[in-house]
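Chemist: First the structure, then my questions, so here it is.
The values are calculated or read from the model by the stated rules, or taken from the named source; none is laboratory data. From a predicted model like this one, the values you see are computed outputs, not experimental measurements. Using ideal geometry, Cβ is built from the backbone for each residue, glycine included, and neighbour counts are taken over all protein chains shown. Quick note on the areas: whole protein, heavy atoms, side chains included, nothing else; ligands and nucleic acids left out. Shrake-Rupley method; radii C 1.70, N 1.55, O 1.52, S 1.80 Å.
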Amino acid sequence: MPPTRLRRPLAAALLIVLAAPLAGQQLKGYEVADAGLFLAQDPVWIGGAVQAGWRPGGGTRLSLGLGLGRVDGRTSGRGELLAHFILSPTRRSGVSPYAFGGAAGVVGPREAAYLVLGLGLERGPGGASGWFLEGGVGGGARIAAGWRWRVLK
């Protein structure tokens, strides 16, 4: 075989050999969080939420959140299904930004569904736990702050 015909298979083999260890360095695992949630809508929604998250690898996190709050003096529930992209997912200290988007549904005195989009900051997303702060939209201006606990490998 001429040397030029060997280059492609050799390059492909080299890429596979080098990519396998890099894929193993991605953090994967699960998270739980508690948060305070505020929605600047008319009337204002304020409450708390718990979230469960799955990190399949890379900068991806999928989360399901369930909240209970008050709107116009009456009890209301809120559920969110979100996808997050963490900019520095392996960072164990310092702060990393992330973006998120998904859907939310509200039950109670006012029933509705919303698209949710936002940005957040998270302390040490590659560590065992850390605070987070989010801002965005989804049924009004959305602000959330809380603490995440992680089991990552």
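Chemist: Expressed in nm to one decimal, what extension gain is obtained for the pair A112 and T90 from 0.36 nm per residue of sequence separation less their Cα-Cα distance?
Modeler: Working it through step by step, the gained length comes to 4.3 nm.
Chemist: Check L27: other-chain or 5+ apart residues with amide H under 5 Å from its amide H, H built from backbone geometry?
Modeler: Counting only residues 5 or more places away or on other chains, the set is G58.
Chemist: May I ask you to give the percent of accessible area on the stretch 68-153 that is carbon plus sulfur, with a probe radius of 1.4 Å?
Modeler: 67
Chemist: Okay, next question. In percent, how large is the relative contact order of the stretch 62-101, given Cα pairs closer than 8 Å and 6 or more residues apart?
Modeler: Normalised by residue count, the contact order of the stretch 62-101 is 34 percent.
Chemist: Can you list the GluC sites (Glu not before Pro) in the stretch 80-127 that are in a DSSP coil and have 11 or fewer other beta carbons within 10 angstrom?
Modeler: E111
Chemist: With +1 on each Lys and Arg Cβ and -1 on each Asp and Glu Cβ, how big is the dipole of the stretch 32-153 about its Cα centre, in debye rounded to the nearest 20?
Modeler: Charge dipole, the stretch 32-153, about its Cα centre: 480 debye, nearest 20.
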